[in-house]
Amino acid sequence: MSRIAECFNRLGGQKALIPFITAGDPNPKLTVDLMLGLVDGGADIIELGVPFSDPMADGPVIQRASERALKHHVSLAQVLEMVAAFRLENSHTPVVLMGYLNPVCAMGFQRFAERAAASGVDGVLTVDCPPEEAEELTGALNAAGLDPIFLVAPTTPPERVARIGRLARGYVYYVSLKGVTGAGHLDIAEVTGKIAALRESIPVPIGVGFGIRDAETARALASSADAIVVGSRLVQEIEAAEPQAAKQRLARLVAELKSAIR
Amino acid sequence: MDQYDLPDAGGHFGTYGGIYVAETLMAALEELKAEYARAKADPAFWAEYRQELAHYVGRPSPIYHARRWSEALGGAQIYLKREDLNHTGAHKVNNTIGQALLARRMGKKRVIAETGAGQHGVASATVAARYGMACVVYMGSEDIKRQSPNVYRMKLLGATVVPVESGSRTLKDALNEAMRDWVTNVDSTFYILGTAAGPHPYPMLVRDFQRVIGEECKVQMPEMIGRQPDVVVACVGGGSNAIGLFHPYIDVPGVRIVGVEAGGEGLDGVRHAAPLSAGTPGVLHGFRGYLMQDADGQIIETHSVSAGLDYPGVGPEHCYLKDSGRAEYTAIDDDEALRAFHDCCRLEGIIPALESSHALAWAAKAAPSMDRDQVILVNLSGRGDKDINTIAGLSGISL
């Protein structure tokens with residue numbers, strides 16, 4: 001059983017909190033420590049953003065995080081090293097890489113999958129790789145024992161949801177709004193209804209994210225979703241904090257979110 | 001090459017193209033594909049498109065024999081396809097009319113566009129005014145500085161120009177931002193993509209609306225010289241004017257096809273915008289194609305004296321044509337393009353766009369070693385009025 005499946009098993013119906021930070025933000029030396037801070041606060045799974053020069057699906061907050069990391073030339077290979085370093089301290093919290101396809105293409109699917117698995121990565125979400133183009137990548141990921149994580153959007157028609165349900169491992173990431181990460185127009189009732197409908201064809205847990213900015217929204221969505229993903233709000237915290245205070249501030253915010261969805 | 005019939009149903013030209021976007025946009029692209037399939041089979045759609053091209057754009061655009069320049073070069077005869085004479089001053093309007101007609105069929109009241117040199121932005125603002133649609137144009141703040149006349153033109157036409165401050169602040173970042181707008185306003189908004197790149201069906205759509213360039217040439221050249229040209233040549237940024245000229249010639253044997261990329265300060269460094277000449281395949285902006293990227297797969301900031309060619313990717317069909325050998329791609333650097341710009345001004349009385357000057361420079365370089373009865377047909381894709389500030393600046397003159 002994958003570490004992600006184990007994690008949901010262990011939670012036994014309790015909701016998972018999945019915080020997101022960008023690897024290398026604000027600098028590469030801090031990332032492992034910030035990941036440990038997320039776990040201290042109560043993170044169940046960590047989504048670790050792989051910086052990319054052209055983050056087309058991200059709002060300004062995560063774009064800036066990517067730019068800060070790229071100032072330090074953080075590469076996909078380095079991100080894998082960070083995960084390996086995190087694994088020396090923590091062997092139970094699943095890590096999902098979230099990013100864009102091109103850095104993965106540049107490394108080569110096969111080589112990436114093998115190195116990611118060896119580094120202790122558990123799942124991979126490539127934002128700009130829909131199922132239509134994902135065959136080769138998911139093949140490599142599955143062969144290496146990594147979970148391919150897919151997005152489902154408010155605009156995804158039922159037949160595509162079913163197709164994604166057949167490919168998805170680990171969990172499915174439901175995009176709570178039409179927009180980029182960190183946008184601010186999430187409709188809780190609508191999302192709740194959608195998630196209920198997704199259950200018919202999605203056999204894995206359903207996480208929800210994009211635009212969850214506070215404990216109250218997290219709590220409201222946790223009544224229908226299996227997991228809550230919070231990204232931009234945490235990245236803002238990193239952006240606002242002095243580097244030495246970032247870990248503590250992240251842990252505090254994660255704890256607040258976690259207690260809200262308990 | 002027989003039975004050239006690309007892309008496939010998934011938008012692939014060989015291993016290039018495809019649809020690489022976040023899930024939220026998949027339904028919109030599917031809707032666009034379906035609507036275009038209906039429009040494509042509807043004679044009334046094409047009748048209106050052709051009517052607009054004739055009476056609003058002023059097509060067919062003429063082909064002009066650049067006699068004095070050819071004479072001065074002493075070799076092949078250079079002919080110019082005068083896309084610079086189109087309404088709005090470039091080939092871009094052929095595509096924006098087609099896409100705006102599609103937007104109208106789909107009931108979209110708001111259009112968005114990305115622009116580099118501003119030509120596509122102007123062409124989008126123009127058709128939005130013409131069809132009564134709201135228009136937002138995304139433009140890198142670096143390009144806004146370089147192309148201020150076009151920025152003002154867009155505003156006069158009623159468009160909102162949004163400066164993009166992220167990344168390298170040029171065309172690629174404008175495209176990212178347009179995609180972000182689209183994903184947010186996907187129900188109300190039609191994205192008029194300006195080049196033959198992006199996710200399927202855009203590369204096919206843009207090509208089909210730009211094909212009119214090559215189709216006219218195929219009729220006009222025999223009328224003028226009794227045969228087809230020996231070489232057709234066009235500048236390639238994303239590749240829309242080039243694919244418009246090339247596509248109808250793919251099946252014509254004996255016609256050499258040459259695409260000219262922006263060599264910037266030279267291909268030996270990284271200060272250029274020539275992915276086909278010096279890049280490697282990867283995925284950006286929704287499609288797979290040759291890119292300017294580093295070993296980690298990060299996109300490199302490009303450089304060209306012409307904003308319209310300053311793009312790190314290139315349309316998937318060009319990638320396919322390169323690999324298949326049917327077309328050849330090469331680069332012209334900033335200095336060579338500028339020399340051709342000035343020669344065209346002084347010898348022919350035509351101020352060409354800096355983008356098109358790259359294709360002109362290739363012709364000027366190739367002509368002397370060719371026979372005097374050989375013919376090079378250059379796509380003069382736009383006029384250079386928008387570039388006069390850049391040119392003056394390079395000469396130390398402030399206008």
(request) Pick out which of A:Arg249, A:Arg160, A:Arg87 has the largest mean-square fluctuation in a Gaussian network model of chain A, springs linking Cα atoms closer than 10 Å. (result) A:Arg160
(request) For each of B:Asp373, B:Asp181, count neighbouring Cβ atoms within 10 Å of the residue's Cβ, then give the residues from fewest to most. (result) B:Asp373, B:Asp181
(request) Using the number of other C-beta atoms within 10 angstrom as an exposure proxy, rank A:Ser232, B:Ser141 with the fewest first. (result) B:Ser141, A:Ser232
(request) Any aspartates and glutamates with Cα under 17 Å of the A:Lys194 Cα? List them, leaving off those in the same chain fewer than 8 positions away. (result) A:Glu159, A:Asp226, B:Glu23
(request) Could you go through the stretch A:16-22 in sequence order and give the Karplus-derived ³J(HN,Hα) for each residue, using 6.51 cos²θ - 1.76 cosθ + 1.60 with θ = phi - 60°, rounded to whole Hz, and x for Gly and Pro? (result) 8, 9, 10, x, 10, 9, 8
(request) At a Cα cut-off below 14 Å, give the aspartates and glutamates reachable from B:Lys108, other chains included and same-chain residues fewer than 8 away excluded. (result) B:Glu31, B:Glu35, B:Asp187
(message) Connecting C-alpha atoms closer than 10 Å in a GNM of chain B, tell me which of B:Gly297, B:Gly384, B:Gly244 has the biggest fluctuation.
(response) B:Gly297
(message) Per-residue Cβ counts within 10 Å, from other chains only, averaged over B:333-345: what number is that?
(response) 0
(request) Counting helices only, and only those DSSP H runs with n ≥ 4, report the 222 nm mean residue ellipticity of chain A as the sum of -39,500 (n - 2.57) divided by its residues, in deg cm²/dmol to the nearest 500. (result) -14500 deg cm²/dmol
(request) Quickly estimate the mean residue ellipticity at 222 nm for chain B, helices only: each DSSP H run with n ≥ 4 gives -39500 (n - 2.57), and the total goes over all residues, rounded to 500. (result) -12500 deg cm²/dmol
(request) Once you have a ≥ b ≥ c as the square roots of the Cα gyration tensor eigenvalues for the stretch A:3-256, tell me rounded if a/c is under 1.5, and otherwise prolate or oblate according to whether a/b is larger than b/c. (result) rounded
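Filter the trypsin sites (Lys or Arg not before Pro) in the stretch B:173-248 to those in DSSP coil with at most 11 other Cβ atoms within 10 Å of their Cβ, and list the result.
Hits after loop and neighbour filter: B:Arg227.
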(message) Relative contact order of chain B, please, whole-number percent, based on alpha carbon pairs below 8 angstrom and at least 6 residues apart.
(response) 21 percent
(request) Indicate the helices, whole DSSP H runs only, in chain A that combine a mean Kyte-Doolittle hydropathy of 0.5 or more with a Cα extent along their long axis of 20 angstrom or more. (result) A:76-89
(request) Assign unit charges at the C-beta atoms only (+1 for Lys and Arg, -1 for Asp and Glu), then state the dipole size of the stretch A:3-256 relative to its Cα centre in Debye, rounded to the nearest 20. (result) 220 debye
(message) For B:Ser324, project a label point 7 Å along Cα to C-beta. Then give me every residue of the stretch B:10-25 with its amide nitrogen under 11 Å of that point.
(response) B:13-15
(request) Give me the distance between the Cα centres of the stretch A:192-218 and the stretch B:377-399, rounded to whole Å. (result) 53 Å
(request) Under a 10 Å cutoff between Cα atoms, tell me which one of A:Gly24, A:Gly184, A:Gly41 has the largest fluctuation in the Gaussian network model of chain A. (result) A:Gly184
(request) Using Cα centres only, tell me the gap between the stretch B:319-347 and the stretch B:110-163 in whole Å. (result) 26 Å
(request) Sort chain B into rounded, prolate or oblate with this rule: let a ≥ b ≥ c be the square roots of the eigenvalues of the Cα gyration tensor; rounded if a/c is under 1.5, and if a/c is not under 1.5, prolate when a/b is larger than b/c, oblate otherwise. (result) rounded
(request) Holding the Cα-Cα limit at 26 Å, pick out from A:Lys71/A:Lys258; A:Lys71/B:Lys92; B:Lys145/B:Lys172; A:Lys178/B:Lys40; B:Lys218/B:Lys365; B:Lys172/B:Lys365 the pairs that are longer than that. (result) A:Lys71/A:Lys258; A:Lys71/B:Lys92; A:Lys178/B:Lys40; B:Lys172/B:Lys365
(request) Calculate how many DSSP beta bridges within the protein assembly as shown are antiparallel, expressed in % of all such bridges and rounded to the nearest 5. (result) 20 percent
(request) Amide H neighbours of B:Gln293 under 5 Å, at least 5 residues apart or on other chains, H built in the peptide plane: list them. (result) B:Thr280, B:Ile300
(request) Return B:Leu156, A:Leu70 ranked ascending by Cβ neighbour count within 10 Å, so the fewest neighbours appear first. (result) B:Leu156, A:Leu70
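Where a number appears in this text, it was derived from the coordinates with a stated rule and is not lab data. This structure is a prediction, so every number in the text was calculated from the model and none was measured. Every residue, glycine among them, receives a Cβ derived from its backbone with ideal geometry; neighbour counts consider all protein chains shown.
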